[in-house]
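Read through the structure below, which is laid out as structure tokens, and then see the notes.
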Amino acid sequence: MERLSEAILRYAERLPEGTPVLAKGLLHLGNRAALDQALSRLVRRGALLRVGRGVYVLPVESRFGRRAPSVEKTIKGFAAARGERIANSGAMAANVLGLTTQLPVKRVFLTSGPSRTLTLGRERVELRHAPPWQLALAGRRAGEAVRALAWLGRDRAGAATGVIRERLSEDERRELGSVSAQMPGWLAGPVSAVVHG
């Protein structure tokens with residue numbers, strides 16, 4: 001009979017880069033106590049990286065050695081595996097749209113799930129619970145406008161609408177308009193200014 005650790009490793013190797021291996025998703029291979037022990041052994045020997053409680057990823061092999069998978073691929077895989085919507089934080093969205101050149105020191109994403117921290121090698125990634133309107137159009141450029149305006153806040157959002165309008169295509173502005181009813185009252189005005197000019 002194949003050892004449990006080797007079965008877990010074979011399973012993980014078939015997944016695309018950054019796709020999380022969830023302990024709960026391995027119950028077809030054995031009972032939870034045995035799985036937890038096998039996963040711990042794999043982490044100790046460097047065959048898997050522990051990202052969070054019950055969440056593991058396969059390190060990427062390169063000519064320079066092993067490294068953690070990309071944050072973006074891991075977050076995308078994590079969102080799919082957990083059934084959560086995850087999007088860039090407002091500061092990251094503002095950077096994507098060219099409203100700021102500063103990048104946050106710590107990577108922060110907004111999530112429909114609970115707040116928690118993931119560890120990818122040496123990098124710590126924070127997932128912060130956010131209301132549904134902040135996750136509107138997650139993964140879409142039009143959605144970045146929502147998060148950037150929210151990050152700018154009530155006092156500064158109005159001044160950025162012209163720049164955002166220039167950076168979004170007509171289709172993206174139309175897409176943004178389709179979710180404007182979800183926005184809180186203070187944000188509806190700036191969103192409308194981006195959509196309609």
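Checked against the criterion of being in the same structural domain as residue 163 (by TED's automatic domain parsing) and on the phi < 0 side of the Ramachandran plot, the candidates 77, 90 yield just one match: 90.
Would it be correct to say that residue 140 is surrounded by fewer than 17 Cβ atoms within 10 Å (Cβ to Cβ), among the charged types (D, E, K, R) and within 19 Å of residue 172 (Cα to Cα)? When the stated conditions are applied, residue 140 passes them.
Each row is one residue, and each column tells you yes or no for (1) within 30 Å of residue 189 (Cα to Cα); (2) touching a strand residue (DSSP E or B) at 6+ places or on another chain (Cβ under 9 Å); (3) not aliphatic (A, V, I, L, M).
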residue	(1), (2), (3)
54	no, yes, yes
67	no, yes, yes
88	yes, yes, yes
101	yes, no, yes
105	no, no, no
119	no, yes, yes
135	yes, yes, no
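Scanning the stretch 1-53 for residues that are surrounded by fewer than 16 Cβ atoms within 10 Å (Cβ to Cβ), more than 16 Å from residue 120 (Cβ to Cβ) and not aliphatic (A, V, I, L, M) yields a count of 19. Restricted to the stretch 54-82, and to residues there that are crowded, with 17+ Cβ neighbours inside 10 Å and of a type in the set (Ser, Thr, Tyr), the residue that is farthest from residue 33 (Cα to Cα) is 74. Screening the stretch 50-99 for residues that are hydroxyl-bearing (Ser, Thr, Tyr) and modelled with pLDDT of 90 or more and picking the one that is nearest to residue 149 (Cα to Cα) gives 89.
The values are calculated or read from the model by the stated rules, or taken from the named source; none is laboratory data. In this text, all values refer to a predicted model and were calculated from it rather than measured experimentally. No Cβ is skipped: glycine too gets one built from the backbone with ideal geometry, and neighbour counts run over all protein chains shown.
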